[in-house]
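Down below is the structure, laid out as structure tokens.
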Amino acid sequence: MEALNAPRGTQDILPPDSALWVELEGIIRRVARSFVYEEIRTPLFEHSELFQRGVGSETDIVCKEMYTFADRGGRSLTLRPEGTAAVARAYLQHNLANRGLPQKLLYLGPMFRYERPQAGRFRQHHQFGFEVLGAGCALVDVEVITVAIAVYRTLGIQRFTVLLNSIGCRSCRPVYLALLRESMTPHLDKLCPDCQRRHAGNPLRLLDCKNPSCQPFLDQAPHSADHLCPDCRSHFQEVQRLLSLVALPFQLEPRLVRGLDYYTRTVFEVTSPDLGAQNALCGGGRYDDLVATLGGSPTPGVGFAGGLERALLILVERGAANLTPLDVYLVHLGPEAQERALLLSQELRQAGLAVDQSYDARSLSSQLKIANRKSARYTVIIGENELRRGVAMVREMALGQQTEVALSSLLAHLRTRG
Ligand code: HAM
């Protein structure tokens, strides 16, 4: 029978990489705590309509990439392709505004998009997202950008660029869209079929096009940031002023519109040259109309989400250390020593050390080999002879130094060595 593999575009998260995932999630939660974002967990599937209305039926995500199915009750459900619409839905459904505004929320988890898999692009990928609902001022836009950078800096990712743009609001965007459409009308027959469709239905999506033959025309398109209403213009200026105030360098990117329809005003992406073609570490922006689109009262929102796989790609390529630390590998020789090792491991674990040992009787050299392979900091060797004398041989692996230590002071010895 042919072996069954995981579906295309998905991946198993295996040790030792799984330890990096846990570490990464821990770092994200620590950053969230320092900025006081609370965790929210929404279902992995939602009514398809949520994404059609929230993300926009003209977007690639909704048109081409959703995993949509009818359940046994005939409802159309969709595996979530992103988190923001679901967070806004939950905010409304549970009246989170009653807890006080703004609501600052964090989520972590898998997202599903039927995309062509390649390095850094999966059909099941994982995002961490930060969302702020109920605050419209530029300070909050800057806070979420700062959160994103705090995560990457804590991870030790140094090479990145913050791309920034403003795509205006309900009042100034229609004027800009008319200009954009008009500017592309003379080139319509030279644009790709997708762009021809976008030109008629949702011209902002033209600027998302990756087709090389469309680029020379799209490069001539007018810039949304040059056609903002006074309120949007001052908001955008304030975002830039505050980013400079916190010494966060950014680059204005007039063609950045993002692939989801809910954005208003600020949009941003953090890209890294260490990522290859799929170079977006994270992306986000303001979405002041989303809650109202889903039936709530007008509530401003802003946030971003980043791909965990992409952050990890950089960490793994940089050769980040195996993050499953093993403090002590206990080597035991003989049945009595094995039992003593069992008791000793309990004592050391209670003191907070990570301890491992062989489950069966093996030779000294084979146990030492395992200790080496697992990168143990210390190997503690107990043979019949040591047992009789109440001592153990402690080998500090990195230094290759071996010391005899009384079993009664083993813990203190390991502690003083740090
Ligand atoms: P997005 O740009 O579609 O935005 O996705 C956010 C991030 O998820 C991307 O920057 C990328 O790192 C990662 N990502 C997206 N698709 C894939 C994929 N197929 N494989 C691997 N990684 C991927 C959103 O989803 C918005 N909800 C972000 C947001 C939050 N805006 C406001 N709040």
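The values are calculated or read from the model by the stated rules, or taken from the named source; none is laboratory data. Everything numeric in this text was worked out from a predicted model, so none of it was measured. With ideal geometry, Cβ positions are generated from the backbone for all residues, glycine too; neighbour counts draw on all protein chains shown.
Annotations
- In region 306-332, residue nearest to the ligand (Cβ to nearest atom) [restricted to those that are in a loop (DSSP other than H, G, I, E, B) and in contact with a helix residue (DSSP H, G or I) (Cβ under 6 Å, 6 or more places away or on another chain)]: 323
- A single member of 378, 359 is closer than 16 Å to residue 325 by Cα and free of Cβ contacts under 8 Å to residues at least 60 places away in the same chain, and it is 378.
- Contact annotation: residue pairs with Cβ atoms under 6 Å, 6 or more positions apart or on different chains, pairing a residue in region 279-305 that is within 6 Å of the ligand (Cβ to nearest atom) with a partner that is among the hydrophobic types (A, V, I, L, M, F, W, C) and in a helix (DSSP H, G or I), are 282/148; 303/144; 304/144; 304/148.
- Of the residues making up region 119-131, those that are near the ligand (Cβ under 9 Å from one of its atoms) and either aliphatic (A, V, I, L, M) or at positive phi (or both) number 1.
- Annotation: residue 33 fulfils all but one of (1) under 23 Å from the mean Cα position of the chain (by Cα); (2) free of Cβ contacts under 8 Å to residues at least 40 places away in the same chain; (3) surrounded by 17 or more Cβ atoms within 10 Å (Cβ to Cβ); the unmet one is (3).
- Matching residues in region 238-276 - criterion: being among the hydrophobic types (A, V, I, L, M, F, W, C) and assigned to a helix (DSSP H, G or I): 239, 242, 243, 245
- Residue match in region 94-113 (condition: surrounded by fewer than 17 Cβ atoms within 10 Å (Cβ to Cβ), touching a strand residue (DSSP E or B) at 6+ places or on another chain (Cβ under 6 Å) and not in a helix (DSSP H, G or I)): yes
- Number of the condition not met by residue 171 [criteria: (1) farther than 30 Å from residue 139 by Cβ; (2) surrounded by fewer than 16 Cβ atoms within 10 Å (Cβ to Cβ); (3) small (Gly, Ala, Ser); (4) touching a residue at least 12 places away in the same chain (Cβ under 8 Å)]: (1)
- Of all residues making up region 203-224, the number that are crowded, with 16+ Cβ neighbours inside 10 Å and either within 28 Å of the chain's Cα centre (by Cα) or over 23 Å from residue 171 (Cα atoms) (or both): 9
- Among the residues listed as 265, 241, 286, the single one being in the same structural domain as residue 163 (by TED's automatic domain parsing) and surrounded by fewer than 20 Cβ atoms within 10 Å (Cβ to Cβ): 241
- Test: residue in region 179-197 that is out of contact with any Ser or Thr (no Cβ under 9 Å at 6 or more places or on another chain) and assigned to a loop (DSSP other than H, G, I, E, B): no
- Exclusive hit being within 21 Å of residue 291 (Cβ to Cβ) and over 16 Å from the mean Cα position of the chain (by Cα), set 49, 82, 65: 49
Every residue, every condition in (1) under 30 Å from residue 112 (Cβ atoms); (2) at pLDDT 95 or above, yes or no:
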residue: 303; (1), (2): yes, yes
residue: 313; (1), (2): yes, no
residue: 317; (1), (2): yes, no
residue: 323; (1), (2): yes, no
residue: 327; (1), (2): no, no
residue: 330; (1), (2): no, yes
residue: 372; (1), (2): no, no
residue: 380; (1), (2): no, yes
residue: 391; (1), (2): no, yes
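- Leading residue by the ranking (surrounded by the fewest Cβ atoms within 10 Å (Cβ to Cβ)) among those in region 144-168 that are within 13 Å of the ligand (Cβ to nearest atom) and more than 17 Å from the chain's Cα centre (by Cα): 163
- The set of residues in region 130-142 being crowded, with 21+ Cβ neighbours inside 10 Å and either closer than 13 Å to residue 270 by Cβ or touching a helix residue (DSSP H, G or I) at 6+ places or on another chain (Cβ under 7 Å) (or both) consists of 130, 131, 132, 133, 138, 141, 142.
- Single match in 89, 116, 72 (criterion: surrounded by fewer than 17 Cβ atoms within 10 Å (Cβ to Cβ) and either away from the ligand (no atom under 13 Å from the Cβ) or assigned to a helix (DSSP H, G or I) (or both)): 72
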